[in-house]
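J.: Below is the structure I would like to discuss, written out as structure tokens.
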Amino acid sequence: MKVTLKHHTPLEVCAHAIRTCWQSFEKSDEGGEKDKALIDRVGNKYKHASTLEHLVYTFYIQGVSRALLQELARHRIASPSVKSTRYTLKELKNSEPFDEQDYERAKMFIVLTGNSMVDTASIEALNNLQKILQAGVSNDIAKFCLPESYKTELTWTINARSLQNFIELRSNKSALWEIQNLARKLYTTLPKEHQYLFETAIS
Ligand SMILES: Cc1cc2nc3c(=O)[nH]c(=O)nc-3n(C[C@H](O)[C@H](O)[C@H](O)COP(=O)(O)OP(=O)(O)OC[C@H]3O[C@@H](n4cnc5c(N)ncnc54)[C@H](O)[C@@H]3O)c2cc1C
């Protein structure tokens with residue numbers, strides 16, 4: 001899994017939004033310590049949490065399973081744009097078949113769990129899918145036998161309020177191990193000066 005931060009809103013934009021409420025722009029230190037304290041006080045402590053929606057992050061998330069994707073998609077207050085298997089199965093169609101234990105090469109297409117029975121079953125599924133594609137079945141039909149471990153990628157945009165909720169729910173040990181890893185990576189990929197807003201959410 002690889003997570004890259006493509007874009008983020010500077011803290012001073014959120015501080016400006018908060019200061020709009022009582023017109024205290026002159027007290028701003030342009031995203032410095034005074035503004036950071038204000039955002040935490042109003043957004044978190046006073047629970048005027050809609051102000052945190054002015055902070056928006058866009059991540060490029062690569063190498064996650066479709067099992068993770070369906071859980072990520074449950075988070076309605078976020079915008080995903082996902083690599084389409086309808087268009088991209090030709091990468092698999094054109095590669096060599098996989099030996100059952102060739103985890104290294106299979107890693108290009110599937111997320112490995114470390115359980116050899118499960119990972120071998122995923123490789124068998126890849127080989128079956130490849131035979132179906134090479135027999136000329138269209139991607140639209142063939143995709144119905146994709147394993148859940150099949151890798152995908154997405155660009156994901158989310159605001160700070162919703163990201164707090166995501167990190168709190170998904171870094172918890174009751175969440176799926178792969179989405180726990182994602183939640184922690186999202187946190188460490190955030191700009192250092194933004195991480196304080198998520199410290200109480202992460203576990
Ligand atoms: C450990 C774990 C196990 C899970 N197991 C299952 C499972 O077995 N089956 C299953 O179906 N799901 C399961 N889920 C998914 C879970 O039910 C949520 O769909 C998912 O976590 C998204 O959370 P959310 O609704 O808070 O996020 P978002 O959809 O991003 O919503 C963010 C917040 O906006 C508000 N909101 C959004 N939409 C509404 C609305 N319609 N009405 C009122 N308020 C709204 C809520 O305050 C919500 O917390 C599981 C989640 C976790 C973390």
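Taken together, the values in this text are just the output of simple stated rules run on the coordinates, not laboratory data. Only a predicted model underlies this, so the values are computations on that prediction, with no experimental measurement involved. Neighbour counts are summed over all protein chains in view; Cβ atoms, including those assigned to glycine, are modelled from backbone coordinates with ideal geometry.
J.: Give me the Kirkwood hydrodynamic radius of segment 85-149, using the inverse of the mean 1/r over all pairs of distinct Cα atoms, in Å to one decimal.
T.: Working: mean 1/r = 0.0844 Å⁻¹.
In segment 85-149 this quantity evaluates to 11.8 Å.
J.: Okay, moving on. Determine the dipole magnitude for segment 1-59: charges of +1 sit on the beta-carbon of Lys and Arg, -1 on that of Asp and Glu, nothing else is charged, the reference point is the Cα centre, and the result goes in debye to the nearest 20.
T.: Numbers: 9 positive and 8 negative charges, 55 e Å.
Here segment 1-59 has a charge dipole of around 260 debye.
J.: Give a residue-ordered list of calculated ³J(HN,Hα) values for segment 120-128 (Karplus: 6.51 cos²θ - 1.76 cosθ + 1.60, θ = phi - 60°; whole Hz; x for Gly, Pro).
T.: 5, 4, 5, 5, 4, 4, 4, 5, 4
J.: With a ≥ b ≥ c the root eigenvalues of the C-alpha gyration tensor of the chain, is it rounded (a/c under 1.5), prolate (a/b larger than b/c) or oblate?
T.: Prolate is the answer for the chain, as a/c is 1.5 or above and a/b outweighs b/c.
J.: Let me ask something else about it. Run through segment 150-184 and list the trypsin sites (Lys or Arg not before Pro) located in a DSSP loop whose Cβ has at most 11 other Cβ atoms within 10 Å. Don't jump to the answer; show the numbers that get you there.
T.: Details: sites: Lys151, Arg161, Arg170, Lys173, Arg184; in loops: Lys173.
The qualifying sites are Lys173.
J.: Would you mind finding the longest exposed-site-free stretch of the chain, with exposed GluC sites (Glu not before Pro) meaning DSSP loop and at most 15 other Cβ atoms within 10 Å? Working shown, then result.
T.: On the way: sites that count: Glu30, Glu100, Glu148, Glu199.
With GluC sites (Glu not before Pro) excluded where exposed in loops, the chain gives 31-99 as its longest stretch.
J.: Between Val64 and residues 5 or more places away or on another chain, which pairs have amide H atoms under 5 Å apart, with H built 1.01 Å from N, and which residues are they?
T.: Thr152
J.: With an 8 Å Cα cut-off and a minimum separation of 6 or more residues, compute the relative contact order for the chain in percent. Can you show the working numbers first?
T.: Numbers: 272 pairs, mean separation 55.3, N = 203.
Normalised by residue count, the contact order of the chain is 27 percent.
J.: Please compute the modelled spin-label separation between Gln180 and Ala73, points set 7 Å along Cα→Cβ, answer in nm with one decimal.
T.: The answer from the label model is 2.5 nm.
J.: Tell me, what HN-Hα J-couplings in whole Hz come from the Karplus equation 6.51 cos²θ - 1.76 cosθ + 1.60 at θ = phi - 60° for each residue of segment 188-203, using x for Gly and Pro?
T.: Calculated HN-Hα couplings, in order: 6, 7, 4, x, 3, 6, 9, 5, 4, 6, 10, 4, 7, 7, 7, 10 Hz.
J.: Moving to a separate point now. Apply the Karplus curve 6.51 cos²θ - 1.76 cosθ + 1.60, θ = phi - 60°, to the phi angles in segment 150-155 and return the couplings in whole Hz, x for Gly and Pro.
T.: So the J values, rounded to whole Hz, are 4, 7, 9, 8, 8, 9.
J.: Okay, moving on. Could you tell me which trypsin sites (Lys or Arg not before Pro) in segment 1-61 are loop residues by DSSP with no more than 13 other beta carbons within 10 angstrom of their beta carbon?
T.: On the way: sites: Lys2, Lys6, Arg19, Lys27, Lys34, Lys36, Arg41, Lys45, Lys47; in loops: Lys47.
Listed in order of number, the matching sites are Lys47.
J.: Quick one: if the Förster radius is 30 Å, what FRET efficiency do Lys131 and Ser81 give, using the C-beta to C-beta distance and rounding to 0.05?
T.: Working: r = 30 Å, r/R0 = 1.02.
Efficiency for this residue pair is about 0.50.
J.: Then there is this: Between His48 and Thr157, what length comes free when the chain is fully extended (0.36 nm per residue of separation minus the Cα-Cα distance, one decimal in nm)? If you can, show how the numbers build up before the last one.
T.: On the way: separation 109, 0.36 × 109 = 39.24 nm, distance 2.15 nm.
Between His48 and Thr157, full extension yields 37.1 nm more.
J.: Between Glu104 and Asp29, what FRET efficiency comes out of the Förster formula 1/(1 + (r/R0)^6) with R0 = 45 Å and r the beta carbon distance, rounded to 0.05? Show your work: numbers first, answer last.
T.: Details: r = 51 Å, r/R0 = 1.13.
It comes out at approximately 0.30.
J.: Now a separate question. Please state the charge dipole magnitude for the chain, taken about the Cα centre, from unit charges on C-beta atoms (+1 on K and R, -1 on D and E), reported in debye and rounded to the nearest 20.
T.: Numbers: 27 positive and 24 negative charges, 94 e Å.
My answer is approximately 460 debye.
J.: Quickly work out the Thr113-to-Asn165 label distance, labels modelled 7 Å from Cα along the C-beta direction, and quote it in nm with one decimal.
T.: For Asn165 paired with Thr113, the spin-label model returns 3.0 nm.
J.: If you don't mind, there's one more thing I want to ask. Under 17 Å from a point 7 Å along the Cα-to-Cβ line of Lys6: which residues of segment 122-166 have their amide N that close?
T.: The answer is 152-160, whose backbone nitrogens lie closer than 17 Å to the label point.
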